[in-house]
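So the structure is just underneath, and the comments pick up after that.
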Amino acid sequence: MSNTKEKISIVVPCYNEEESLPLFYMETTKVLLGMNEVDYEFVFVNDGSSDKTLEIMKKLHDGDAHCRYVGFSRNFGKEAGMYAGLAEAEGDYCVIMDADLQHPPTLLPEMYKVVSEEGYDCCGGLRCGREGDSVLRGLFSKAFYKISKGLTHMDMSDGHGDFRMMSRPMVDAILDMKEYNRYMKGLFSFVGFDTKWIEYESVERACGETKWSLKSLFAYAFEGILAFSTAPLKLAGLIGCLLFLAGVIFISINLIQSLWIPGAVSSFDIIITVVLMLGSLQMLFLYILGAYLSKDYLENKKRPLYIVRERSQ
Ligand code: UDP
Ligand code: MG
């Protein structure tokens, strides 16, 4: 009887979550046990934690047949953790959840209803508010989503996170994209499939602290734009043209002026300004060009996204 039930896989990437993980497991299990109509499994991914996260996963696996785990050989980042978890998951539906209870498990029954009964392939949690985030991070996120929406034409908004329940076809579509430089929010949008958003209030982390520094967030945001848009390259061309035009106008005006009023413009000033302007712009665009080339370079190496050191069973 039980094997006719649909199965939900809860994918949980974890990096140093020894405090949160037991709490997360208890709270989520409570909710899942209340969903009599489904079977479930936890796929914990230990992303090279330096604390007791892996030991806790092993204990959970020993005590509960619903728990499986994969342990990486080092910290590969949340993107690799999510991919590994989805690749391991066996469920008809998969949900990606953070271990810190910032993704409320109480949303799972409604999410399941949406994907199993309402014909959606995905039900995402739409985060309202910014409880648990610094003001700076909030401002940064808002600006990033505005810019990236304009540049990438992907449906990525502030509040759309990785917390979503997806059907098997959508999960398989995501797994089919094996690119090395991964940006999951963009990939979710790229694969399409109908998504329904349900709101939830953002809360502070249950324990521990965020693994994202402002620097790593900035790098991740830049990654997102590079992964889904070549607009910065086009921007380089556009600014180049405008600057060239401005240069021509600037020089023409100065030439005409110096014809009427001798000595009005110092040629030294002009040369220094033009050289500095062009030099700095060239450096900036060389950097953008280099960034794309380095992405391609890594992509062509076909390195594995992650390396598993051990696993349950
Ligand atoms: N995480 C991970 N690898 C990392 C960083 C984070 O697997 O290198 C996990 C982390 O353990 C948590 C989730 O990703 O389960 C979200 O991380 P965090 O709470 O630090 O991010 P925030 O909520 O601040 O965006
Ligand atoms: Mg968090």
Test: residue in the range 144-157 that is in a helix (DSSP H, G or I), within 16 Å of ligand 1 (Cβ to nearest atom) and modelled with pLDDT of 80 or more
yes
Does any residue of the range 251-262 turn out to be in contact (Cβ under 8 Å) with a residue 60 or more places away in the chain and farther than 30 Å from Arg168 by Cβ?
no
Which of the numbered conditions does Val135 fail, given that it passes all the others? Conditions: (1) over 17 Å from Ile225 (Cα atoms); (2) among the β-branched types (Val, Ile, Thr); (3) in contact (Cβ under 8 Å) with a residue 40 or more places away in the chain.
(3)
If the Cβ limit is 9 Å and pairs must be 6+ apart or interchain, which residue in the range 66-81 that is closer than 14 Å to Arg309 by Cβ pairs with which residue that is near ligand 1 (Cβ under 9 Å from one of its atoms) and of a type in the set (A, V, I, L, M)?
Tyr69/Val45; Val70/Val45; Gly71/Val45; Phe72/Val45; Phe72/Ala80; Ala80/Val45; Gly81/Val12; Gly81/Val45
Which residues, counting only those in the range 137-181, are within 16 Å of ligand 2 (Cβ to nearest atom) and either more than 29 Å from Ala89 (Cβ to Cβ) or not aromatic (Phe, Trp, Tyr) (or both)?
Arg137, Gly138, Phe140, Ser141, Asp158, Gly159, His160, Gly161, Asp162, Arg164
Out of everything in the range 113-142 that is among the polar types (S, T, N, Q) and either within 20 Å of the chain's Cα centre (by Cα) or surrounded by fewer than 14 Cβ atoms within 10 Å (Cβ to Cβ) (or both), what residue ends up being nearest to Val38 (Cα to Cα)?
Ser141
Does at least one position in the range 190-202 carry a residue that is within 16 Å of Glu79 (Cβ to Cβ), touching an Asp or Glu at 6+ places or on another chain (Cβ under 8 Å) and either open to solvent by less than 40 Å² (accessible area, probe 1.4 Å) or within 16 Å of ligand 1 (Cβ to nearest atom) (or both)?
no
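The values are calculated or read from the model by the stated rules, or taken from the named source; none is laboratory data. Computed from a prediction, not measured in an experiment: that's the story for all the values here. When we count neighbours, we look across all protein chains shown, and the Cβ atoms used for this are built from the backbone with ideal geometry, even at glycine. The protein model used for the area step is the full one, side chains on, heavy atoms only, and it has no ligands, DNA or RNA in it. Shrake-Rupley method; radii C 1.70, N 1.55, O 1.52, S 1.80 Å.
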